[in-house]
Amino acid sequence: MKSPPGPNTPSWLLNLQFEADPFSYMDRISQRYGDIVSVMYDSTPLVYVSHPSGIKQIFNNTKEIAARGALNRSFALLTGNQGILQLDGLQHKHRRKLLMSAFHGTRMQACGQRICELTEKIMSQQAIAKPFVAYPTIEDITLSVGIEVVMGLREGERHNKIKHLFASLFKHELSPLFELLKKLFFWGLNLGRSSPRSDLLQLRQELFQLLSAEVEERRHQADHSRTDILSELVLACDETGEPMTNEEIRDLLISPLGAAQGASATAIAWSLYWIHSLPTVHKRLLAEIDSLGNNPDPMSIVTLPYLSAVCNEALRIYPTQLFAFPRLVESPVEVMGYELNPGTILIANIYSTHQREDLYPSPHQFQPERFLEKQFSPYEFLPFGGGTRSCLGGAFALFEMKLVLATILSRYQLKLVSKQPERPKFGGLLCYPANGVKMLILGQRQHQGHPHEFTADLV
Ligand code: HEM
């Protein structure tokens, strides 16, 4: 059987093309080669899939296709060696379950009010009529939610230091200079204290020490009434029935916190951009939010249909994560009519699937209505990946997105500073707005109108 089609370009040139503009590159290879595209990366075949039936196989054929933690080893620099991304098999399954229990329905309901309060607190620090960049402001909100709500750290010196270190670490990881240096020969060489890597390791070391101190303190003051994720991990046992070490708990905390900060902030910043660049979307969304009256209950905000459609469309058009984590073919398998050999790396291409004209007509246009008119399968709309390594904070991320957006939109009149379209930029793992979405607060907003029943055709 033949291999999937693809370019014969050498790896270094492929890398350059991808780096220059990942979005045009993905559009080009999908248009030219179709739903399944193979490229050679050094001597490893890399296969990108952007058809729902192929995606379904990647997520479900777990006998032949494995979501190996070793493939995510490069993230260990940030997450530690025992982060959820690096684990496999029973250990991975068990620890995923532990982390997921932190995001169940009643837990989320309990923290909705706090998410709205943190949003208000941080937004109120912005001056009226003075331009600001939305991305770092939103990042401040999502990081505060991550540290306080997900991790359960109360305000104080350690809380502030951890927040500062997290923000610096991720800024480092996203900086263009760091990306460039990582690819060049500096990376991996020990250049002493002046190398970019040594700065990163220093920050990581400080963060690890503070997190370990917090874990140790919680262990000694075990409080069964606390319901945050860290308190649960301290009391939980591992898959063999033994308590987890401080390092294991520390590493388990970092990936969810990083995702809670970066991925969620990116999705919210993109949503603010689209809402404010399209007046009809803005008007319809405000009418829906206002229909709930003053100070609505967070649980009624998250069920609003148009708000949900806007969040989905923001995650479709520029998915925060362009690709799911890589999967490894471990025994011969047929995917979409092609025989793939062991050693092949399979990538579920979220971006190109979301750009399919047959699923999403006029895919480059922001049209939330498509999510009101049609229900998409988990292999057609997959911002949170799928299968054994699917995003375990997906439901929480949507919950947070809706509450932060509804709080900002109902309290403030905002506008975009520039009329130029915001371009996507790929950095670290994320697809974030290149200019960070520059905005201006025109003023505080008075509640418009009286509570009324919102119907989907109210435009
Ligand atoms: C809009 C926000 C977010 C997006 C778009 C997103 C997207 C994703 C995607 C695409 C994956 C890979 C799935 C796969 O390979 O099949 C993933 C994994 C993951 N996400 Fe998220 N994520 C978001 C927010 C969050 C939040 C808030 C948390 C936790 C609080 C979180 C925790 C994780 C973890 C721990 C994994 C790895 C799971 C594993 O290895 O088993 N994510 N996410």
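The values are calculated or read from the model by the stated rules, or taken from the named source; none is laboratory data. Keep in mind it's a predicted model, so treat the numbers as computed, not measured. Neighbour counts are summed over all protein chains in view; Cβ atoms, including those assigned to glycine, are modelled from backbone coordinates with ideal geometry.
Before moving on, here are some points about what is shown:
- First in region 346-364 and of a type in the set (Val, Ile, Thr), second anywhere and part of a helix (DSSP H, G or I), Cβ under 9 Å, 6 or more apart: ILE347/ILE58; ILE350/ILE55; THR353/PRO52; THR353/ILE55
- PHE396 closer than 30 Å to LEU292 by Cβ and either at pLDDT 95 or above or part of a loop (DSSP other than H, G, I, E, B) (or both): no
- Residues in region 368-384 that are surrounded by 18 or more Cβ atoms within 10 Å (Cβ to Cβ) and either more than 7 Å from the ligand (Cβ to nearest atom) or of a type in the set (Asp, Glu) (or both): PRO368, ARG370, PHE371, TYR379, GLU380, PHE381, LEU382.
- Restricting region 30-81 to residues that are within 23 Å of the chain's Cα centre (by Cα) and among the aromatic types (Phe, Trp, Tyr), the residue that is modelled with the lowest pLDDT: PHE75
- Of the helices (runs of 4 or more DSSP H) contained entirely in region 10-114, those carrying at least 3 residues that are touching a residue at least 60 places away in the same chain (Cβ under 8 Å), of a type outside the set (A, V, I, L, M) and away from the ligand (no atom under 16 Å from the Cβ) fall at 22-33.
- Among the residues making up region 385-440, those that are more than 9 Å from the ligand (Cβ to nearest atom) and basic (Lys, Arg) are LYS402, ARG411, LYS415, LYS419, ARG423, LYS425, LYS438.
- Residue pairs whose Cβ atoms lie under 7 Å apart, separated by 6 or more positions or on different chains, with the first residue in region 414-443 and free of Cβ contacts under 8 Å to residues at least 12 places away in the same chain and the second surrounded by fewer than 18 Cβ atoms within 10 Å (Cβ to Cβ), are LYS425/ALA434.
- Qualifying positions in region 306-330 - within 23 Å of GLY387 (Cβ to Cβ), of a type in the set (S, T, N, Q) and modelled with pLDDT of 95 or more: ASN312
- Wholly enclosed helices (runs of 4 or more DSSP H) of region 160-238 bearing at least 1 residues modelled with pLDDT of 80 or more and closer than 30 Å to LEU90 by Cβ: 196-220, 229-235
- Any chance ILE147 is assigned to a helix (DSSP H, G or I), within 12 Å of the ligand (Cβ to nearest atom) and under 18 Å from GLY258 (Cα atoms): yes
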